[in-house]
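The values are calculated or read from the model by the stated rules, or taken from the named source; none is laboratory data. Just so it is clear, the structure is predicted and the values come from calculations on it, not from any experiment. Note: ideal-geometry Cβ built from the backbone for every residue, glycine included; neighbour counts use all protein chains shown. SASA here: full protein model, heavy atoms, side chains in, ligands and nucleic acids out. Shrake-Rupley method; radii C 1.70, N 1.55, O 1.52, S 1.80 Å.
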Amino acid sequence: ISENIDNLKGFNTKLDWERVYLYGDTFKTILGSVSSNSQGIPSELADIYLKKGYSLDDRVGISYLEYQYEDYLKGTKATYRLLSDNSYELVSEGRRGNDIVLTIDINLQSYLDDMLSNEVYNAKGEVGTNYYNRSFVVISDPNTGEILAMSGKQVLNRDNGEKYVVDYTPGIVTLPITPGSVVKGASMMVGYKYGAINIGSVINDECIKIKDTPEKCSWRTMGNIDDIYALQYSSNVYQYKIAISVGSGNYEYNRGLSLDADAFKKYRDMYAEFGLGLKTGIDLPVESLGYMGSSKLPGHLLDFSIGQYDTYTPIQLSQYINTIANGGKRLKPYLLKEVYKASDNGDKFGSLTYKAETDVMGTLSVEDKYINRVREGFYSVVQNGLGYGYMGYYTNSSGKTGTSQSFIDTDGDGKVDTETITSSFVGYSPSDNPKMSIVVVSPDISVPNSSQSSVTKRISAQVVNKFFELN
């Protein structure tokens with residue numbers, strides 16, 4: 001038909017193609033999508049692509065990796081010369097786009113997607129999960145920043161009440177959550193840096209009371225404890241008293257408390273060295289920053305010190321735990337590993353044109369002995385503390401649990417009206433020579449004074465076991 005188009009009035013032809021996803025829906029949302037043949041370049045992206053020499057009817061990457069790496073993935077159009085007799089002469093052959101290789105371990109990713117779908121589906125039927133509907137997981141290499149697998153799954157209800165699961169992986173970079181105690185490693189660093197504590201410092205864990213505010217306590221009264229025990233059993237009061245010291249405060253029970261306003265900056269600056277409160281720089285076209293509170297009230301500084309004030313995305317928590325795991329280097333997370341030129345030899349790669357390198361974005365401004373002390377504390381958490389069992393069969397592991405208060409809007413009026421509990425965990429293994437790190441976040445897993453689902457623990461343990469089975 002194409003060759004005889006002049007004699008076939010009313011007909012037209014056009015070459016077209018469709019992306020084939022060899023692994024079905026696995027990682028599909030992060031791979032992204034391309035515009036359709038009828039759509040061409042979406043209007044909101046038209047200026048960007050027209051400046052690069054595209055035509056409005058070209059098919060282009062419009063989301064996530066397809067969009068991020070369009071310049072690598074796009075093919076080259078064949079070029080023709082129009083002759084005087086209206087025939088065409090080929091000037092240069094068209095060529096398909098480059099091949100890109102991701103950091104993703106497809107076997108681990110496939111397992112994670114299936115397991116996570118099952119866990120969020122089953123957890124939704126547990127007591128207290130009225131407002132729970134999603135969990136997120138990130139597995140990465142703490143020595144390079146490579147993302148080895150990541151997934152988010154959400155369970156929804158049809159009109160007839162039937163549950164079904166959808167992919168929510170983009171929430172890893174777009175959905176900030178209240179992290180809770182997982183960030184106490186960074187809070188401990190603030191104490192070391194500004195002399196509020198030293199290695200082995202003993203503090204009395206007791207409820208504290210600021211005038212006209214409710215008591216602030218740990219989940220149980222622990223008495224005199226050191227820094228390792230404070231991490232192992234997640235003492236809030238240990239962190240409160242560090243924050244009071246950093247803020248040059250003088251605490252007395254049921255009296256007013258005054259703290260230096262620059263204490264917030266000291267905490268935020270230290271947190272930022274771990275990537276908390278900053279964009280991680282992951283190679284995706286969208287990334288949320290999270291919420292940063294503006295109040296300088298003393299009580300809010302205490303909340304900040306236990307991860308109950310600012311919010312962070314799961315990918316920020318991944319950068320945070322990697323910084324601890326590798327001994328103090330904040331690494332840029334990434335998904336693109338290599339790029340190869342298109343080959344004329346079947347499915348084989350052509351020549352290598354790009355290879356990712358580890359990008360160190362910063363280093364912790366504390367002595368190594370303090371980093372090692374926090375690592376020792378995180379090891380104790382998994383050995384016989386609140387994180388026992390979170391790393392599956394691999395007991396030579398380290399990590400930190402987190403349980404935080406969060407608030408949601410249940411009636412859609414734009415105002416938060418219900419308090420919930422968010423569960424999280426960060427960890428790495430092996431403790432002495434980490435090969436992998438993990439972040440698991442389950443927002444709104446329960447309501448206060450209700451039984452709490454162990455879905456975060458189940459997810460983490462299964463992923464760690466599978467990682468070492470594959471590696």
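Key figures for this structure:
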quantity: Failed item in (1) touching a Gly at 6+ places or on another chain (Cβ under 8 Å); (2) within 24 Å of ASP25 (Cα to Cα), with TYR121 passing the rest; calculated: (1)
quantity: Residues (open to solvent by 70 Å² or more (accessible area, probe 1.4 Å), touching a Lys or Arg at 6+ places or on another chain (Cβ under 8 Å) and not β-branched (Val, Ile, Thr)) located in the stretch 91-124; calculated: TYR121
quantity: Members of the stretch 246-285 found to be among the small types (Gly, Ala, Ser) and either assigned to a loop (DSSP other than H, G, I, E, B) or crowded, with 19+ Cβ neighbours inside 10 Å (or both), listed by number; calculated: GLY247, SER248, GLY249, GLY256, SER258, ALA261, ALA263, GLY275, GLY277, GLY281
quantity: Pairs, first more than 30 Å from TYR340 (Cβ to Cβ) in the stretch 355-384, second aromatic (Phe, Trp, Tyr), C-beta under 6 Å, six or more apart; calculated: VAL366/TYR192; TYR370/TYR192
quantity: Subset of the stretch 175-200 [of a type outside the set (A, V, I, L, M, F, W, C), over 20 Å from SER423 (Cβ atoms) and in contact (Cβ under 8 Å) with a residue 60 or more places away in the chain]; calculated: TYR192, LYS193, TYR194
quantity: Breaking point among (1) open to solvent by less than 30 Å² (accessible area, probe 1.4 Å); (2) in contact with a Gly (Cβ under 7 Å, 6 or more places away or on another chain); (3) among the small types (Gly, Ala, Ser), for SER151; calculated: (2)
quantity: Subset of the stretch 1-33 (residues that are at pLDDT below 90 and within 14 Å of GLU70 (Cα to Cα)); calculated: ARG19
quantity: Selection status of PHE304, part of a helix (DSSP H, G or I), within 23 Å of GLY387 (Cβ to Cβ), within 25 Å of the chain's Cα centre (by Cα) and not polar (S, T, N, Q); calculated: yes
quantity: Filtered residues of the stretch 25-63 (kept if open to solvent by less than 40 Å² (accessible area, probe 1.4 Å), within 21 Å of SER110 (Cβ to Cβ) and touching a residue at least 60 places away in the same chain (Cβ under 8 Å)); calculated: THR26, PHE27, ILE30
quantity: One residue from GLU206, GLU273 being touching a Lys or Arg at 6+ places or on another chain (Cβ under 9 Å) and among the charged types (D, E, K, R); calculated: GLU273
quantity: Single unsatisfied condition, ILE228 versus (1) more than 19 Å from GLN405 (Cα to Cα); (2) in contact with an Asp or Glu (Cβ under 8 Å, 6 or more places away or on another chain); (3) free of Cβ contacts under 8 Å to residues at least 24 places away in the same chain; calculated: (3)
quantity: Whichever residue in the stretch 199-238 is in a loop (DSSP other than H, G, I, E, B) and aromatic (Phe, Trp, Tyr) and, among such residues, is surrounded by the fewest Cβ atoms within 10 Å (Cβ to Cβ); calculated: TRP219
